[in-house]
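Throughout, read-outs are computed from the coordinates displayed, never taken from laboratory work. The structure presented is a predicted model; accordingly, all values stated were derived computationally and were not measured. Neighbour counts are summed over all protein chains in view; Cβ atoms, including those assigned to glycine, are modelled from backbone coordinates with ideal geometry.
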Amino acid sequence: MTTDAMESATRERLRSEVEALAAEFKGIFARETVEHYLHEAFASFAKTPVASFRPTLAGRFARERLLAAAQARGAVAKKRPKVLFVCVHNAGRSQMAAALTASLGGGRVSVRSAGSAPADRINPAVVEAMKELGLDVGQAFPKPLTDDVVRAADVVITMGCGDSCPVYPGKRYLDWTVDDPAGQPVEAVRRIREDIASRVRALLRELGVA
């Protein structure tokens, strides 16, 4: 496929994503707002290894942000407690925590994750360690931390990202001191995984969804 053809295909896929999101959030956000979120998301995935995935990733991330923004302003009801996990690269700890919370919570908790400086892919050792539990995080993708996802969360859990997470009144903030799996062999990642799983179980008990 020529460069012009690839660019044309990308534009068409982005238009398709805009149409779908505009229809989903009709009456909540104007089309121009949807386009802004989508193109901002598209730009944030400039380093994605497979360029053809960018429109899809942008659509998924834009939807997460639009939904979070709608929930934060009360336009969409929150049906479940919302937990946000934040680490630096959103490629290891926060991804494991989000997957474990979604699994152990049995769908009774809404979970998001983000990074203060997101990587371009999930740590392969993390993917392997989570696959041992039957959890596939290989389809997940590192996402940047944005105000709207923080505003929509009930509990914000930071994991080694310092003071980069904005603080808003009425939110519960926790900081989990968890080893960074970056550069670690899968044996070490398993120990980190079990540490996070133990913390997740305690959190779910506190939220009343254990």
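Please give the calculated 222 nm ellipticity per residue for the chain, where each DSSP H segment of at least 4 residues contributes -39500 (n - 2.57) and the sum is spread over every residue; nearest 500 deg cm²/dmol? Working shown, then result.
Values: 7 runs with 103 residues, N = 210.
So the calculated ellipticity at 222 nm is -16000 deg cm²/dmol.
Within straight-line reach of LYS47, meaning a Cα separation under 13 Å, sit the following aspartates and glutamates at least 8 residues removed in sequence or on another chain: ASP120.
The range 61-100 and the range 122-167 have Cα centres lying 9 Å from one another. Using R0 = 30 Å, the C-beta based FRET efficiency linking ARG31 and LEU174 works out to 0.20. What the Cα convex hull of the chain gives, in volume per residue, is 125 Å³. Identify the residues of the range 88-109 with backbone N under 17 Å of a label point that sits 7 angstrom from the Cα of ARG205 along the Cα-to-Cβ direction, or state none. Taking a point 7 Å out along Cα→Cβ of ARG205, the residues of the range 88-109 whose backbone N falls under 17 Å are 101, 104-106. When the Cα positions of ALA152, VAL88, GLY134 are compared along the charge dipole of the range 79-210, ALA152 comes out farthest toward the positive end, with charges on each C-beta of Lys, Arg, Asp and Glu.
Among LYS26, LYS82, LYS143, the largest mean-square fluctuation in a Gaussian network model of the chain, built with springs joining Cα atoms closer than 10 Å, belongs to LYS26.
When the chain is treated as a GNM with alpha-carbon contacts under 10 Å, the residue of PRO142, PRO49, PRO169 showing the greatest mean-square fluctuation is PRO169.
Here the chain is treated with +1 on each Lys and Arg Cβ and -1 on each Asp and Glu Cβ, and its dipole about the Cα centre works out to around 740 debye. Positive end of the dipole of the chain (Cβ unit charges, origin at the Cα centre): among LEU204, SER8, VAL167, the Cα lying farthest that way belongs to LEU204. Taking a quarter of the surface of the Cα convex hull of the range 1-77 gives a mean projected area of 5.2 nm².
Cross-link partners for LYS171 among the lysines, with Cα-Cα distance under 30 Å and sequence neighbours closer than 8 places in the same chain left out: LYS26, LYS78, LYS79, LYS82, LYS143. Quick one: grab the alpha carbon gyration tensor of the range 120-195, order the square roots of its eigenvalues as a ≥ b ≥ c, and give me rounded if a/c is under 1.5, else prolate or oblate depending on whether a/b is larger than b/c. Since a/c reaches 1.5 and a/b is larger than b/c, the shape of the range 120-195 is classed as prolate.
What FRET efficiency comes out for the pair SER8/ARG60, r = Cβ-Cβ distance, R0 = 30 Å, nearest 0.05? Intermediate results must be reported in sequence, preceding the final value.
Numbers: r = 22 Å, r/R0 = 0.74.
For R0 = 30 Å, the calculated efficiency reads 0.85.
Using a simple spin-label model with pseudo-atoms 7 Å out from Cα toward Cβ, GLU24 and SER103 lie 2.5 nm apart.
Exposure proxy for SER103, SER113: other Cβ atoms within 10 Å of each Cβ, ordered fewest to most, give SER103, SER113.
Mean-square fluctuations from a GNM of the chain, with a 10 angstrom spring cutoff on Cα atoms, peak among ALA153, ALA97, ALA46 at ALA46.
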